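I'd like to ask you about the structure that follows.
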Amino acid sequence: MSDGLDRLYERFRNALSDERADHAVELANAAYRRLPAAERAALDLDQAESLILDALTAFEAGDGSSPQIRVEAVGPTTIVHVHAVDGPFVVSTVTEELHRLGLSPIDLLHPVVGVARDGDGNLKSLGPARTAPRRETYLAMDLHSVLNEESRNTIAEHLRDVLDDALHAM
């Protein structure tokens, strides 16, 4: 399959250590492999690379014990980043809360991967989610609006509250 994914994988292999490249490739594969061939071929490599590296940084920085949420201004828009243990209601919980707050998010990225962590919660490996004993997810959603810092902080607080509730209910 010589398409946008291959070019993206090559970027990771050329720019990152072997371990980080392996993790980035696994995240990219989880996020983009089901796209139709024409969409993979037309993949915006700069945006895809940036989103995957943001996801990788979240997996490396978090220990998976509680949702990590970042709401940031990016050029002419605001992006919501969520890293959490995967569960049946993560996406709908985030989306519904954003809608309740009057926002219309567009899903940019949503890989779900199997994760192995050491006893301290440090990332050891990423792999296919289907058979993994532990699954984690990452969401990146574009709000298509510029929000000030106070609004971004409020959104992050609301998302943290509803995700904590949803994940404790599992």
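Per the 1.4 Å probe, what fraction of the accessible area of the range 29-170, in percent, lies on carbon and sulfur atoms? Can you show the working numbers first?
Working: 3590 of 7300 Å².
Accessible surface attributable to carbon and sulfur in the range 29-170 totals 49 percent.
What's log10 of I(q)/I(0) for the range 9-70 at q = 0.23, 0.27 Å⁻¹, Debye sum over Cα points only, no solvent?
After summing over all Cα pairs, the log10 values are -0.99, -1.20.
Quick one, which of (1) 1.13; (2) 1.02; (3) 1.30 is the actual Cα Rg over 2.2 N^0.38 Å calculated for this model?
So the calculated entry is the one marked (2).
Can you give me the C-alpha center-to-center distance between the range 115-170 and the range 1-49, rounded to a whole angstrom?
21 Å
Given +1 on the Cβ of Lys and Arg, -1 on the Cβ of Asp and Glu, and no further charges, what dipole in debye does the chain carry about its Cα centre, rounded to the nearest 20?
My answer is approximately 440 debye.
What 222 nm value per residue comes from the helices of the chain, counting each DSSP H run with n ≥ 4 as -39,500 (n - 2.57) and dividing by all residues, nearest 500 deg cm²/dmol?
After summing the helix terms and dividing by the residues of the chain, the value is -15000 deg cm²/dmol.
The values are calculated or read from the model by the stated rules, or taken from the named source; none is laboratory data. Note that the coordinates shown come from a computational prediction; the quantities given were computed from them, not determined experimentally. So basically every Cβ, Gly included, is an ideal-geometry build from the backbone, and we count neighbours across all protein chains shown. All accessible areas refer to the heavy atoms of the entire protein, side chains included, with ligands and DNA or RNA removed. Shrake-Rupley method; radii C 1.70, N 1.55, O 1.52, S 1.80 Å.
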